[in-house]
Amino acid sequence: MQTIIINKNDQGQRLDSFIKKTYPKISLSLLYRYIRTKRIKVNGKKCELNYRLNLNDKIESYINDELLTKKTMKTDFLLAPNKINIIYEDSNILIVNKPIGLVVHEDESNNADNLSNRIQHYLVDKGEWDYKNENSFVPSLVHRLDRNTSGLVLAAKNAESLRILSKKIKDREIDKYYLCQVYGIIDPKQGVLRDYLTRNTKSKIVTVSKKPISTSSEQIITEYRTISHVKNISTLEIKLITGKTHQIRAHMAFIGHPLVGEKKYTTSSFSKLNVSKFQSLVAYKLVFNFKTDAGILNYLKNKKISIEN
């Protein structure tokens, strides 16, 4: 028999979801049987599959020991530097300025040095995340940036904040603003672009089109405003209404105004003009435009955070 006491980062999850994450060797069919036959109990009683766990609930599992092997938490984050450029921090969230060239999550190179690992290492050293005593939660990024895009990335320090922020991103209640430089002068100077993006998972390149070209095509909406232009280069503020892979880079190239420094989504004529090693794109501002209740994060409503702060 094994006992787990639910902590603040476990509460709110469904019982079946939590057990499956905690004990990955238990199949779904076995899990349902064990709950039905009371071999998995909550607070000494039979419980439903969809029961939402509360703080200090006691889960007792009367199951063969070989199935009660907990998922081993990776500790690669300890190999990453713990230095991050913090723009804003409180007890629930962290906003950092990601540098160009750093990936946000582990990629095919399996390099431990990524933004997610740096944040986890920072929080361990600060004493805010005790990974040895967590059942399943790890501090997590709420959204991502491309390797060669710099700027603001939002991370959640606890499970409740992660759930709230993930929903706010999905419901478009967090506005993300970017600054970029593009070739040419856009007419009109501001507007909203509505097109379709299709991603090639093998080449990792996206295609923008006026109409869907496959069942995987998704609508993209990009709002732009011209701030200034010098000679043949315009500086734009971009507000992402949708947030798809390479959306800004591909969308601006599609309308004939690729980013300065862009290599993947441009033509040879513009490539010859490039004087920058990386595309000119920075995520510079987040606006917490909450329209619905945000629980423990209500204090962020209407808050604006930018690199300029």
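Figures for the structure shown
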{"item": "Rel. contact order, % - alpha carbon contacts under 8 angstrom, at least six apart, segment 180-309", "result": "22"}
{"item": "Solvent-accessible area, 1.4 Å probe, carbon plus sulfur percent, for segment 1-57", "result": "49"}
{"item": "Normalised contact order of segment 1-92, rounded percent, pairs of Cα under 8 Å and 6 or more residues apart", "result": "38"}
{"item": "HIS105 accessible area, 1.4 Å probe, all protein chains in place, Å² to nearest 10", "result": "90"}
{"item": "Spread of Cα-to-Cα distances over 10 Å intervals beginning at zero, given as percent, for segment 81-204", "result": "10, 36, 33, 16, 4, 1"}
{"item": "In sequence order, calculated HN-Hα J values of segment 225-239 (Karplus, 6.51, -1.76, 1.60; Hz; x Gly/Pro)", "result": "8, 6, 8, 6, 8, 10, 6, 9, 10, 10, 9, 10, 9, 10, 10"}
{"item": "Spin-label model distance (nm) - LEU67 vs ILE255, 7 Å beyond Cα toward Cβ", "result": "5.7"}
{"item": "Heavy atoms of THR207 accessible to a 1.4 Å probe, total area in Å² rounded to 10", "result": "70"}
{"item": "Solvent-accessible area of GLU128 with every protein chain in place, 1.4 Å probe, in Å² to the nearest 10", "result": "80"}
{"item": "Candidates LEU55, LEU154, LEU145: whichever shows maximal mean-square fluctuation once the chain is modelled as a Gaussian network with Cα springs under 10 Å", "result": "LEU55"}
{"item": "Karplus (6.51, -1.76, 1.60) ³J(HN,Hα), θ = phi - 60°, over segment 54-59, in Hz, Gly and Pro reported as x", "result": "10, 4, 6, 4, 10, 9"}
{"item": "5 angstrom amide H check on ILE220, placed H, neighbours 5+ away", "result": "ASP195, TYR196, LEU197"}
{"item": "Structure-derived volume of the Cα convex hull per residue in Å³ - corresponding label in [x] 168; [y] 190; [z] 120", "result": "[x]"}
{"item": "List ILE100, ILE35, ordered by accessible area with a 1.4 Å probe, largest first", "result": "ILE100, ILE35"}
{"item": "Percent carbon-and-sulfur accessible area, segment 177-276, ignoring ligands, DNA and RNA, probe 1.4 Å", "result": "52"}
{"item": "Pair ASN232, GLU308: separation of 7 Å Cα→Cβ label points (nm)", "result": "2.9"}
{"item": "Nearest 10 degrees, 0 to 90: helix 115-126 Cα axis against the chain principal axis", "result": "50"}
{"item": "Solvent-accessible heavy-atom area per residue, rounded to whole Å², over segment 21-94 at 1.4 Å", "result": "62"}
{"item": "Acute angle (nearest 10 degrees) that the helix 159-170 long axis makes with the longest principal axis of the chain, alpha-carbon atoms", "result": "40"}
{"item": "Summed side-chain charge close to GLY261 - residues other than GLY261 whose Cβ falls under 12 Å, Lys, Arg +1, Asp, Glu -1", "result": "+3"}
{"item": "Probe 1.4 Å, accessible area per residue of segment 173-309, Å²", "result": "54"}
{"item": "Relative contact order %, the chain, counting alpha carbon pairs below 8 Å whose residues are six or more apart", "result": "15"}
{"item": "Ratio Rg/Rh [Cα only; Rh per Kirkwood] for segment 1-105", "result": "1.12"}
{"item": "Sequence of ARG33, ARG39 from largest to smallest accessible area, 1.4 Å probe", "result": "ARG33, ARG39"}
{"item": "Flagged links, alpha-carbon separation over 24 Å, of LYS202/LYS264; LYS8/LYS58; LYS83/LYS132; LYS45/LYS74; LYS20/LYS45", "result": "LYS45/LYS74"}
{"item": "The chain: most fluctuating residue of VAL192, VAL138, VAL208 per GNM, C-alpha cutoff 10 Å", "result": "VAL192"}
{"item": "Computed lengthening from LYS204 to LEU78, 0.36 nm per intervening residue step minus Cα-Cα distance", "result": "42.4 nm"}
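The values are calculated or read from the model by the stated rules, or taken from the named source; none is laboratory data. Because the structure is a prediction, the values reported are computed rather than measured. When we count neighbours, we look across all protein chains shown, and the Cβ atoms used for this are built from the backbone with ideal geometry, even at glycine. Quick note on the areas: whole protein, heavy atoms, side chains included, nothing else; ligands and nucleic acids left out. Shrake-Rupley method; radii C 1.70, N 1.55, O 1.52, S 1.80 Å.
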